[in-house]
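What follows is a single structure, written as structure tokens, with notes after it.
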Amino acid sequence: MHSERYYPIFKTMKPSLDDLALLVAIADDGSFTAAAKRLGVPKSTVSRKLADLELLLRTSLFRRSTRALSLTDEGQRIYDMAKPSIVAADDAARAIAERERAVAGRVSLTTTAALGQYLVAPHLTKLTAAYPDVQVELRLTERRVNIIADGIDLAVRTGTLEDSDLIARRLCKVTRLLVASPAYLEKAGKPVAPSDLASHNAIITSAALATWRFDGGWDCSMRWTIAAGNMLVAHQLAHLDHGIALLPDFMLEADLKQGRLVRLLSEYPMEQADAWIVSSRQRYRSLAVQTILNYLVGASDPGSFNTERSGNS
């Protein structure tokens, strides 16, 4: 009903927004040449498109002469109706472009509790100070999240990444170390070879991870009484003299330096891993997401900034 009252000319004939933008450009600029320059098309295209529009509307829109170009009465009526829509569309496009240029918005990042505490959180204060309009929402879980299905922007992970649906960039190399407290070692003895581990209590994070692998592919099935659930709890249990833990080096610097934990079997290195930050292969990524991704990569390991590969969802 509304369209029939106010836009009878469009009831059966439907010019596109581009058609109306062409009319407005010609009227505002006063010539085909100026309108073509504004729209970024050849003058011949402007002339042809206008002819097509007049044919569609079955009316002349401009009075043409060698010196002047002016709207007809019908052209003026259509111009008056179309102009606000064209201005609104231009404003919307400009607002979107400005928003994309601004580092602003909420960015969701999923990772484990330990990786969040040691590899992500230390950089967030400086990051949000540099980009005060960015909000970072951490989602900490030991579960491997499908970031595409769950609509999450970024994930920080360790290990092998295989899914080509994601892009992964390396944060840093992670060295896993065998450690135990001095009190535990005094009670249970210090292992001097991998085979000695069979007589020790292991602190594992999951029952599925009860086999520890040394560099070179040698495996050791561990005896355990507590599966800690995550590396932070495993770290705490090591401090509580519960057994031998396999933990990443980034958690242990202060403990080893101050003697709270002791590194074991250093001559038998454990299998190593990389820490990655992964994102989806979407064509358009917000500037906030891209900025945080770049910031974390550069802050964690400047030498890895251009290392990129497929990831796992």
query: If you roll a 1.4 Å probe over the chain with all protein chains in place, what percent of the accessible area is carbon or sulfur?
result: 50 percent
message: For the chain, take the longest principal axis of its alpha carbons; what is the angle in degrees between that and the long axis of helix 17-29, to the nearest 10 within 0 to 90?
response: 60 degrees
- line: Spelling it out for G105: with amide H atoms placed in the peptide plane at 1.01 Å from N, the residues 5 or more places away or on another chain with amide H under 5 Å from its amide H are V134, Q135
- request: Roll a 1.4 Å probe over the protein heavy atoms and report the accessible area of M231 in Å², nearest 10.
  value: 50 Å²
- line: Between E137 and R281, the FRET efficiency computed from the C-beta separation at R0 = 25 Å comes out, to the nearest 0.05, as 0.70
query: How big is the accessible area of Y118 in square angstrom, nearest 10, if you roll a 1.4 angstrom probe over the protein chains?
result: 70 Å²
query: Could you give the longest part of the chain that holds none of the trypsin sites (Lys or Arg not before Pro) found in DSSP loops with at most 11 neighbouring Cβ atoms within 10 Å?
result: 144-282
The chain: angle of helix 43-57 to the longest principal axis, Cα-based, in degrees nearest 10: 70 degrees
Solvent-accessible heavy-atom area per residue, rounded to whole Å², over the chain at 1.4 Å: 55 Å²
query: Calculated from DSSP H runs of 4 or more alone, at -39500 (n - 2.57) each and per residue, what is the 222 nm mean residue ellipticity of the chain, nearest 500?
result: -11500 deg cm²/dmol
- prompt: Which Rg and Dmax, in Å, describe the Cα atoms of the chain?
  reply: 32.3, 104
query: If the chain between A88 and T160 were fully stretched, how many nm would it gain, using 0.36 nm times the residue separation less the Cα-Cα distance?
result: 21.0 nm
field: Label point distance in nm, K37-I148, each placed 7 Å from Cα along Cα→Cβ
entry: 4.7 nm
- line: Looking only at lysines whose Cα falls under 25 Å of K49's and that sit 8 or more positions away or on another chain, we get K11, K14, K37, K83
query: Using the alpha-carbon atoms, what tilt in degrees (0 to 90, nearest 10) does helix 287-300 show relative to the longest principal axis of the chain?
result: 30 degrees
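The values are calculated or read from the model by the stated rules, or taken from the named source; none is laboratory data. Bear in mind that the values here come from a model prediction, so they are computed numbers and not experimental data. Glycine gets a Cβ as well: all are built from the backbone with ideal geometry, and neighbour counts include every protein chain shown. When the accessible area is computed, the model is the full protein with side chains, heavy atoms only, and any ligands, DNA or RNA have been set aside. Shrake-Rupley method; radii C 1.70, N 1.55, O 1.52, S 1.80 Å.
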